[in-house]
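The values are calculated or read from the model by the stated rules, or taken from the named source; none is laboratory data. Just so you know, these numbers come straight off a predicted model, no measurement behind them. Cβ: placed from backbone, ideal geometry, glycine included. Neighbour counts: every protein chain shown. In case anyone asks, the SASA skips ligands and DNA or RNA and just uses the protein heavy atoms, side chains included. Shrake-Rupley method; radii C 1.70, N 1.55, O 1.52, S 1.80 Å.
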Amino acid sequence: TRRGLKPPRLKPGAEGYYYNFSTDVLADDESHIMMKAEQQKAVAAIQKAMRGALTRRAIRRQTEAAVVIQKTKMMWDVQKVHGSNGRNCEILKSWYRKYKARDDKHRLFLRLAKIQATWRGVLTRRDYKEMLHNLTRFQAAYRGKRGRRRVTQLRDANQKIQRVFRGWIYGRRVMLRRNLKASRIEAMYRGTVQRRLYRTQIVAALRIQAHYRSFVARKRVRHMHHCGLLLQRNWRRFQGQITVKQLIYEKVEEMRVKRLQVLRRKLEDGAASLFQRNWWRHRDYERFAAMKRAKGEADKRTSTMLVALYSSAANLRNYVHPWWRHLPKEMQDVLQSIKVPLQRAIAQTPLTGKLANEEIGRRPIRCPTAEDLVYNQTGKEPDLASHLLLSVTRHLLAHVPPEDFPETVRWGCYEVAHQAVKLYKTNGYFPKEEVPVGKELPAHPGDRLSTLYKDLALVQSRNDMQINLCNESLPCLILKCLPTHQRHVFLTAEMLVTMRQALDTPSLSTEDHLRFQGVDASAGAQLMEVVGSELDHRLPLDWPKLHGTVAALAAQAGTHMSDLKMEKDIISLKKKKKPKGSKATNDAKPGPPEPTKGVNGEKADDDGMLAHFNRAAAMRVLQQVGYFMCGQDRIMQAVLKTGGGGFDEDFELTGMPSPKNKGKDKGKEKAEGVRQSRFVAVTDRLFELAENERHDHCSFVLAVVVYHMVLRGLMIRVLYHRAAISIQKRYRYLKTGSTRRSAIAPAICIQRFYRGLATRMRLVREDDAAFKIQRNYRTWRWNVRSRRLLYGTLLLQRVWK
């Protein structure tokens, strides 16, 4: 590479190149990219250190100068007040007298303190001597008291010992001898009685033994007779079992032979199934590897299309995309003339597929199979939405070869559909922030976003006025959930297109410093206000001053979006606080709470609810882009101009081959073509004009605007479908309601009379129950009072007697 150039360019004969997106370095050698990045990091670190050192030295010098100035000012003030040659001696004398008086007062206080300390010492020693005398007297009295108490205790103990000894000698020892003799007499008498009782018990035991042995003998004879019968019965049963077992073994042998035959057949079937399963696994793995390679190649080519779709979906709230202002004047005039009829033509097509179903992320009942996910279009007039989406995508991906274009579109639609489901299932939401352009700051002279919607008021149709979305920031939601590289491309396109258009600089690149393009602090703040208004999120206004290039701004905005915190979802919080008996359902949808008011602030009616698109409905519209683009082979051939022996203009417009090509199709089946709409032809012409514009991003901006128009047309199609369903429900209700009302009127009358009778009977029963409770309560109160009176009367009589 030529390293002297900034940015560096490739050599004339270089084949292949390497590009570093973070540092915008282009080279034919991989090592040069990493070395260039390291050099830039080192230069940035050296610059930061040198700027810090210079700043600290400047601050230190300024501090020293300020100190010198302060000292000089103080000296000058003193000389000005008191003089510089001793003219103010009277002032000095008064100062000395004040100093002398203060010194004398201090010495006087010191002498008085010494006298006070001496006197306090005398008083303290006198009190201490008196305290020692009182303590000595107290100790003497206490010791005398304790001695007398000890003598009294010894005397009492001596008397107790004497009393115990005299009781033993004259009382307890004599009684102990008498008790011993009485015990001997009692033992002799008890022995005689016990021997007599023992002889009686022996006689009784002998009689019991005789009776028991006779009983045991009779029981044993009965048992032996029973055992003999049991042996005979078991032997006969054994003989019968042997006979039965022989028959069973013969049957089991027959079953075993049959089982072996069945197992052999099953083993053969299992081996065949195993071979088939392994072959199918190998075939599916090869298919998966091929699909993975195809997806990897397609992902490198679909980033532009995906970012354009996400940018158009992020501004579905507006009836025109904010990038409308970036298109040339003649293109804006053409788009103004075709916007309303284009969206009307898209909306008047009958709704098919899953577009009307807002249960995104799950398999619907009406589309259970994979065949239902392909838009089957018959006839020569295809759906305008499909044709226009494929045409714009082809212009946007003009660098893709025609043979790779269908596969690229298929994988791009797959990515968009899954990203839409991911956006819908995101818990929480970003509240929409109103960022009015030109209100807090003056509008930038090169940008007209502040007057865009006022200038395009005639383009807004009645359906555009009715459609409203939930109060959340769709751009922030999309940027938060996008992959990192797609988020970077999205924000780089946003910043680069805005800066180029506002500064009118077509050659502005991502590494050009904005300060060199005339962007000061106020202009940078105005441009950041414009970007924040497009993203429905207020961004810091000093970013152009801190991050001077488009690449740095996009990187900082990507970091800011990835770090944003989402607010809690009110519906999900209500879902957690369900009562105990309620059943768990999946009806709660993620996203912000649904509005309870209509478009203009009044109470929401049926029309307002029909025109309201929550997150599920908006993401369903984005998801169905793949439904309109995938599997449309005839439209794909018409877009690529490769169908039936080359492109034929008459074949595209009318579906019939031209006379000059009739001989080429002889012997072949007649190809079925599609009729190209005038809107598609106008769009193709606009893309041809955009390729020749001075801004190289004009084609991308035009694709985003047309995508937005198609998505808004699909939303109007959903609105028409909702209105038709509502009218059908109302008509069916009115058609069947009169008959039902006339049939059930007598039943309603009977129910009303029966309910009145039941209510009156319940009130009568409650009155009877209340009367009975009152009567029982009064009786109970009378009985309680009577018992208390009787008890009191008997107590008085007893006391009186």
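Before moving on, here are some points about what is shown:
- Restricted to helices (runs of 4 or more DSSP H) entirely inside the range 477-551, those with at least 2 residues that are touching a Pro at 6+ places or on another chain (Cβ under 9 Å) and crowded, with 20+ Cβ neighbours inside 10 Å are 484-503, 521-535.
- Qualifying residues in the range 31-90 (those that are of a type in the set (Ser, Thr, Tyr) and at pLDDT below 80) - the one nearest to GLU511 (Cα to Cα): SER31
- Every pair of residues 6+ apart whose Cβ atoms lie under 7 Å, when the first sits in the range 369-386 and is over 26 Å from VAL340 (Cα atoms) while the second is hydrophobic (A, V, I, L, M, F, W, C) and not in a helix (DSSP H, G or I): LEU373/CYS367; VAL374/CYS630
- Unique residue being out of contact with any strand residue (DSSP E or B) (no Cβ under 9 Å at 6 or more places or on another chain) and surrounded by 10 or more Cβ atoms within 10 Å (Cβ to Cβ) when the list is GLN797, GLN751: GLN751
A quick yes/no check of all residues on (1) of a type in the set (Ser, Thr, Tyr); (2) within 52 Å of the chain's Cα centre (by Cα); (3) at pLDDT 50 or above:
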residue	(1), (2), (3)
GLN632	no, yes, yes
GLY646	no, no, no
LYS666	no, no, no
THR683	yes, yes, yes
ALA690	no, yes, yes
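- Within the range 323-334, the set of residues being touching a residue at least 60 places away in the same chain (Cβ under 8 Å) and surrounded by fewer than 22 Cβ atoms within 10 Å (Cβ to Cβ) comprises ARG325, PRO328, GLU330, MET331, VAL334.
- Residue in the range 317-324 that is assigned to a helix (DSSP H, G or I), within 30 Å of ARG620 (Cβ to Cβ) and touching a Ser or Thr at 6+ places or on another chain (Cβ under 9 Å) present: yes
The rows are residues; the columns are (1) in a loop (DSSP other than H, G, I, E, B); (2) of a type in the set (S, T, N, Q); (3) open to solvent by less than 40 Å² (accessible area, probe 1.4 Å).
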| site | (1), (2), (3) |
| --- | --- |
| ALA345 | no, no, yes |
| PRO350 | yes, no, no |
| ARG362 | yes, no, no |
| GLN377 | yes, yes, yes |
| LYS380 | yes, no, no |
| SER391 | no, yes, yes |
| GLU407 | no, no, no |
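- Against the test of being touching a residue at least 12 places away in the same chain (Cβ under 8 Å) and closer than 16 Å to ARG620 by Cα, the options VAL437, VAL416, VAL400 yield a single qualifying residue, VAL416.
- Any hit, the range 546-560, residues being hydroxyl-bearing (Ser, Thr, Tyr), within 29 Å of LEU452 (Cβ to Cβ), touching a strand residue (DSSP E or B) at 6+ places or on another chain (Cβ under 8 Å) and at pLDDT 60 or above: yes
- Residue in the range 444-464 that is over 17 Å from LEU327 (Cα atoms), outside any helix (DSSP H, G or I) and among the aliphatic types (A, V, I, L, M) present: no
Table: residues versus (1) charged (D, E, K, R); (2) open to solvent by 30 Å² or more (accessible area, probe 1.4 Å); (3) in contact with a strand residue (DSSP E or B) (Cβ under 8 Å, 6 or more places away or on another chain).
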position: VAL374; (1), (2), (3): no, yes, no
position: SER386; (1), (2), (3): no, no, no
position: ALA420; (1), (2), (3): no, no, no
position: LYS425; (1), (2), (3): yes, yes, no
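- Flag for GLY673 being modelled with pLDDT of 50 or more, open to solvent by less than 20 Å² (accessible area, probe 1.4 Å) and not in a helix (DSSP H, G or I): yes
Residue-by-condition table, conditions (1) at positive phi; (2) surrounded by 12 or more Cβ atoms within 10 Å (Cβ to Cβ); (3) modelled with pLDDT under 75:
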position	(1), (2), (3)
THR654	no, yes, yes
PRO657	no, yes, yes
ALA703	no, yes, no
ILE744	no, no, no
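Here's the yes/no breakdown for (1) touching a helix residue (DSSP H, G or I) at 6+ places or on another chain (Cβ under 9 Å); (2) open to solvent by 60 Å² or more (accessible area, probe 1.4 Å); (3) under 30 Å from MET619 (Cα atoms):
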residue	(1), (2), (3)
CYS698	yes, no, yes
ARG717	yes, no, yes
TYR733	no, yes, no
GLY756	no, no, no
LEU763	no, yes, no
ILE773	no, yes, no
TYR777	no, yes, no
ARG787	no, yes, no
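- Checklist (1) open to solvent by 30 Å² or more (accessible area, probe 1.4 Å); (2) modelled with pLDDT under 90; (3) not hydroxyl-bearing (Ser, Thr, Tyr) applied to MET636, failing item: (1)
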